[in-house]
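A quick write-up on the structure given underneath.
Quick note: the coordinates plus some simple rules give every number you see, no bench work behind them. Small disclaimer: the values here were computed from a predicted structure and weren't measured. Cβ: placed from backbone, ideal geometry, glycine included. Neighbour counts: every protein chain shown.
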């Protein structure tokens, strides 16, 4: 596994998006624009910290998680991968930063990751996921379950 630079400069309330695919700049521009749209019923400002550096090209989930381990305020990280770029509604992998070591025991970790440690989220729902996970209003496992119930296996919003 390669070492990637540490993620710095992210405000604690900003969602973190790491671009890992660099094959389609137009698709990336579409994703980036969607990420900055106001969100929710009250049209909240989008707060997102984007890592857009080719050094991250092809980064795996584990490599990204290793790079963000020092950010204690980060409950999840979003990736803009090849599937994000190629799929019409640009769903991003949403990955929990939870580790086994942070859980009471293996049973606790298994319960919290029952539907896996990641699911896909459309850009319009990314801020909903990030905000609710950040304040502990909704758990990762709940979002993962909702994504599991979707025919395309992604979270689209409440």
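What ranking, highest mean first, results for peptides 6-13, 148-155 when packing means the other Cβ atoms within 10 Å averaged over each residue? Could you put the intermediate results ahead of the total?
On the way: 6-13: 11.8, 148-155: 13.9.
Most protected by this proxy first, the peptides run 148-155, 6-13.
Give me the percent relative contact order of the chain, please, defined on Cα pairs under 8 angstrom at least 6 residues apart.
Numbers: 241 pairs, mean separation 37.8, N = 158.
It comes to 24 percent, rounded to a whole number.
Quickly work out the residue 142-to-residue 88 label distance, labels modelled 7 Å from Cα along the C-beta direction, and quote it in nm with one decimal.
Taking the simple label geometry, residue 88 and residue 142 are separated by 3.0 nm.
Just check segment 58-147 against the gyration tensor rule for me: Cα atoms, a ≥ b ≥ c as the square roots of the eigenvalues, rounded for a/c under 1.5, and otherwise prolate or oblate depending on whether a/b exceeds b/c.
Working: a/c = 1.68, a/b = 1.38, b/c = 1.22.
Prolate, since a/c reaches 1.5 and a/b exceeds b/c.
When ranked by the protection proxy of mean other Cβ atoms within 10 Å per residue, highest first, what sequence do the peptides 30-36, 121-127, 99-105 form?
The densest-packed peptide leads the list: 121-127, 30-36, 99-105.
If you take every DSSP beta bridge fully contained in the chain, what fraction is antiparallel? Give it as a percent rounded to 5. Don't skip to the answer; put the middle values down first.
Working: 8 of 17 bridges.
Roughly 45 percent of the DSSP beta bridges within the chain come out antiparallel.
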